[in-house]
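Below: the structure, in structure tokens.
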Amino acid sequence: MSLSVFLPANPDSPSAVLTAHTQLHAHLLSTGAYQPFVYPYRALGPNILIAYLLLPPVDRSRYPRLAAAVHHARWAVLAAMTWFCGWAMVECRSPMVTIGYGVGLIMAWSLLWGWTLIVAFEVRERAERMEGRGSDRHAGQDSEVKGEDAGSEPVNGEAGDGLRRRMISKADGKTHDDTGDDGEPRFKWQKLPPTLWHRVDWVTDLVTNFRGVRWSHQLSGLPYPDVSSPSAFAEPISHQISTVAISSSKSRPSRYPTRSALLRYNLINFLVTFIVLDIIKLITLKDPYYWGLSTLSPSPFPHPRTPRMYLSLVTLFTSLNIIFTLPPIIFSYGAGERFLGEHAWPWLYPPLFSSPKKIWTHGLAGFWGGWWHPMFRLAFEQLGEAIVKPLGWEKNTVTGGILRVVLAFVASGTLHASGSYTSLGETQPLNEFLFFAVQPVGILTQRALAQWMKTNGLRDRTPAAVRGAANVAFVMAWFWLTAPTVSDDFALSGVWLYEPFPISPSRGLVGDGWWRWGGPWCRWHSDEKWWKSGLAF
């Protein structure tokens, strides 16, 4: 049964559409067509991953068979995750528009992220987290697992020692004294800890840290603390951190080295984004398109395609941006090191979005690869590497690079289509998939045009300002052509009906009401089988 059955003939407000979502959800539950998303029962997929990672490290030299069994158990974990995540996507729906979309997106992402961690990165054996000297409050023996023991084994034929290289300052080729007041190193690399509480902290950070900040698999280009010499560490720096990120000119110390600097940046960011998003909500909710009704709904805009598409993009950007200004304010400054310890380090909270100059200088490739948020990028990169590298196409080859980009966008399209699939609105998940799947076409087209201009000598004769403006114009034109497929489906899913803030100054001033939140967000669900009971969202 579709949402339209429960809609009044002429809905006169967004609240009427939200009421229809609630009525449709209640009907679907009563007929047994779907089940509510109940936590923790329906989160078994992600929880299985966490349980596997929480297993104690195994000394491979002493217990080789047990270490091998734990290592190979990752495939059973992945199979179980596939079953439970897929099962939740097929069976669960929510009357809340954001939760409904989130069920599919989060379950699909959990599966991809789980594969990335336990198969691509083999985190139980290889992952290391940068920790402060003396940060181990749990047990002194944790320092024993910083070497190549504790369940570690060669991967893809590479010995662990080959991944450990000392960091030399590229500025002058010399080492510097970067130790604490007592001459001890300031940082250490911590593998999977043997003590339970330390391991819980380590695993929780690992699973929720999608950009890998302060981990050995951290995305290149993200900031690091000032670790300008090998003496900053209790042992040689290792992995991608030394070979790609710290030694790379693309990486830099954090722009906000203190909590007060981080607070100032994020408070200003929050306030500006709050004002912009609140005004956008006032504008968009005057258009039935944003209520999740037909894309042919009458619009207050004279030519609705353009404003609807661009306003959807700005709404998405501001919604994501304001969410990620809160953790540094709450955790780094509000709670601080007194309560959170090293989790309050300010450099652990880089901005979600990069500089928009990337669009000016690199066009569509700069939009996706430079400016837009990189929350899923680690998993996308590893997926492409796992599929393309065995075919013999390295990343630095034309074919290898193109295939990796294509696979990244296909994966992104699959994630977003999964969110569309679990929404109650009359969505078309294929449209969201197609939007992302065609993005490589735009990137390659623009690069081909740039190469043609360079070959014919036009690039050098064109002023930089004109080239930058052309890059921005291409991005806007490309999105005008392709983005309605995804913005229309977002609208049909109902996600634009969400209220980001409890109060809305702009709508209060025009008489639409200041208070925006209402109704239960979750409830207790009781089932005949106790393990199926929990919080229903």
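The values are calculated or read from the model by the stated rules, or taken from the named source; none is laboratory data. Everything quoted here is computed from the prediction, not taken from an experiment. Don't worry about glycine lacking a Cβ; one is built from the backbone with ideal geometry, like all the others, and counts go over all protein chains shown.
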| task | Quick one: residue 536 ticks every box in (1) touching a Pro at 6+ places or on another chain (Cβ under 6 Å); (2) free of Cβ contacts under 8 Å to residues at least 24 places away in the same chain; (3) among the hydrophobic types (A, V, I, L, M, F, W, C) except a single one, so which number is it? | result | (2)
| Which residue, of 74, 60, is of a type outside the set (A, V, I, L, M, F, W, C), outside any helix (DSSP H, G or I) and either under 20 Å from the mean Cα position of the chain (by Cα) or buried (at least 17 other Cβ atoms within 10 Å of the Cβ) (or both)? | 60
| Regarding residue 104, is this residue in a helix (DSSP H, G or I), at pLDDT below 95 and of a type in the set (Gly, Ala, Ser)? | no
| request: Give the residue that is nearest to residue 122 (Cα to Cα), with candidates limited to residues of the stretch 195-220 that are touching a strand residue (DSSP E or B) at 6+ places or on another chain (Cβ under 9 Å) and part of a helix (DSSP H, G or I). | output: 206
| field | Residue match in the stretch 329-342 (condition: touching a residue at least 24 places away in the same chain (Cβ under 8 Å), assigned to a helix (DSSP H, G or I), outside the structural domain of residue 473 (by TED's automatic domain parsing) and of a type in the set (Val, Ile, Thr)) | value | yes
| said: For a quick check of your reading of the model, give me the residue pairs whose first member lies in the stretch 490-512 and is in the same structural domain as residue 287 (by TED's automatic domain parsing) and basic (Lys, Arg), whose second is at pLDDT 90 or above and assigned to a helix (DSSP H, G or I), with beta-carbon atoms closer than 8 Å and at least 6 apart or on different chains. | reply: 507/278; 507/281; 507/282
| task | Inspect all residues belonging to the stretch 36-44 and state whether any of them is surrounded by 21 or more Cβ atoms within 10 Å (Cβ to Cβ), among the basic types (Lys, Arg), out of contact with any His (no Cβ under 9 Å at 6 or more places or on another chain) and in a helix (DSSP H, G or I). | result | yes
| message | Residues to consider are 412, 487; find the one that is touching a helix residue (DSSP H, G or I) at 6+ places or on another chain (Cβ under 8 Å), without any contact (Cβ under 8 Å) to a residue 60 or more places away in the chain, crowded, with 18+ Cβ neighbours inside 10 Å and not β-branched (Val, Ile, Thr). | response | 412
| message | If a residue must be in a helix (DSSP H, G or I), surrounded by fewer than 17 Cβ atoms within 10 Å (Cβ to Cβ) and over 18 Å from the mean Cα position of the chain (by Cα), how many such residues does the stretch 352-397 contain? | response | 8
| All positions within the stretch 435-468 that are farther than 26 Å from residue 404 by Cβ and of a type outside the set (D, E, K, R) | 456, 457, 458, 462, 463, 464, 465, 466, 468
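Rundown of residues vs (1) touching a Leu at 6+ places or on another chain (Cβ under 7 Å); (2) of a type in the set (Phe, Trp, Tyr); (3) at positive phi, yes/no style:
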position	(1), (2), (3)
51	no, no, no
55	no, no, no
60	no, no, no
82	yes, no, no
87	no, yes, no
| message | Among the residues of the stretch 60-69, are any touching a residue at least 60 places away in the same chain (Cβ under 8 Å), charged (D, E, K, R) and farther than 30 Å from residue 197 by Cβ? | response | no
